[in-house]
Amino acid sequence: MFCLDPDVNVGFLLYDVSRLMRAWFDERAQAFGLTRAQWRVLVHLAGRQGINQRSLAEILEIENVTLSRHVDRLERDGWLERRADPEDRRAWCLYLTDAAGPMLDRMEARATETQAKAMEGLSEAERAQLIDMLTRIKSNVSPAREARKAPTDAAAGG
């Protein structure tokens, strides 16, 4: 049931929790000289070495131009490097530098602290349940889900 009370409205609560966690994280991460957006790029790149910028922008659900600005700064500061895409001369593949590893470890420690603070007082079962529920909510509202669903709806006449 939809509720306009911001203290029990899921959208407002998710926004508030996200904002508060971001602020708490940012406060602790300032010493590393990275923004949260740059940290997010590096974390996603860490598991996808060699990905091209366009694909990474899709994963991050940001415009390629926005990602390019982040990549410019991260490359300038020595955290990643661009290499020519062997399959497309106009594209770049992204790789973390050796310097990024230790910094990512330190940032991960800050992220772990932030998550632990947010999850204080929740049992392991409640934590797992929360992650499961948030993952399902994300899937429900994901543009990718809507794109997958659209052909089925059209074929069904809806």
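Scanning the stretch 94-111 for residues that are in a helix (DSSP H, G or I), modelled with pLDDT of 90 or more and surrounded by fewer than 15 Cβ atoms within 10 Å (Cβ to Cβ) yields GLY101, PRO102, ASP105. Out of curiosity, is ALA116 out of contact with any helix residue (DSSP H, G or I) (no Cβ under 6 Å at 6 or more places or on another chain), modelled with pLDDT of 90 or more and over 24 Å from ARG22 (Cα atoms)? For ALA116, the condition - out of contact with any helix residue (DSSP H, G or I) (no Cβ under 6 Å at 6 or more places or on another chain), modelled with pLDDT of 90 or more and over 24 Å from ARG22 (Cα atoms) - is not met.
The values are calculated or read from the model by the stated rules, or taken from the named source; none is laboratory data. Bear in mind the structure is a predicted one, so any value in this text is a computation, not a measurement. All Cβ positions, glycine included, derive from the backbone under ideal geometry; neighbour counts span all protein chains shown.
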